[in-house]
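For reference, the structure is listed below as structure tokens.
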């Protein structure tokens, strides 16, 4: 298995970040045998480069102790950006080695830790649980009111803006629904690419930008000065919902 094989544009790929080649290959093999697509990195910097170029993975498994001592920082960053769910691998001495304290972790990250040594079944159960926790709920067939002039029906894929019914393409609908599920929060471009395009479809940051622009033409009174689908500089895109303010 190539250490830096090209990431496939597939929502089920998993990124394994571990400075120890033996540990990295063991985890990758266990996941591959369970049917997952796997990409590996040996440092936080290498992982960030892969994510920047190929989009966020479906899940990231990160060792707390990396050569650049950035395992915990990388995990916190991915969680804060809602880029990917994270499973943090560690040993009791990991916290001493990387000068970290488990009590300082965000609750959702503190609950997603796997102590070494472990048995493969425990790893796979943790992976499945984290992936299921981020799956989108069923789409309601009722109209969602965004504000007085804007309504969306995700099940039937249309927008009603100022009384005019506007159809959504399947990709536009998936993108808008994902932003709606995270309304009031910025969602990273990498995560949007991974979550909106999957299977045989491929997405890039360029195609994401095109679809955001098309959505703004349908959503906004003035697409050049968006008020609903906004860009949060340095973080991604967000859907403003009524009086909800961005974090």
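The values are calculated or read from the model by the stated rules, or taken from the named source; none is laboratory data. Treat the numbers as computed from the prediction; the structure is a model and nothing was measured. Neighbour counts are summed over all protein chains in view; Cβ atoms, including those assigned to glycine, are modelled from backbone coordinates with ideal geometry.
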Scan of the range 33-50 for residues that are under 15 Å from residue 77 (Cα atoms) and crowded, with 24+ Cβ neighbours inside 10 Å, ordered by number: 47
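Every residue in the range 1-32 that is modelled with pLDDT of 85 or more and loosely packed, with under 15 Cβ neighbours inside 10 Å, please.
Step one: list which residues in the range 1-32 are modelled with pLDDT of 85 or more, which gives 14-32.
Of everything in the range 1-32, those that are modelled with pLDDT of 85 or more and loosely packed, with under 15 Cβ neighbours inside 10 Å turn out to be 20, 21, 22, 23, 29, 32.
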Qualifying residue in the range 201-214 (condition: in a loop (DSSP other than H, G, I, E, B) and at pLDDT 90 or above): no
Which numbered condition residue 191 misses (of (1) modelled with pLDDT of 90 or more; (2) closer than 19 Å to residue 238 by Cβ): (1)
Qualifying positions in the range 150-161 - free of Cβ contacts under 8 Å to residues at least 24 places away in the same chain and either loosely packed, with under 12 Cβ neighbours inside 10 Å or closer than 21 Å to residue 197 by Cα (or both): 153, 155, 156, 157, 158
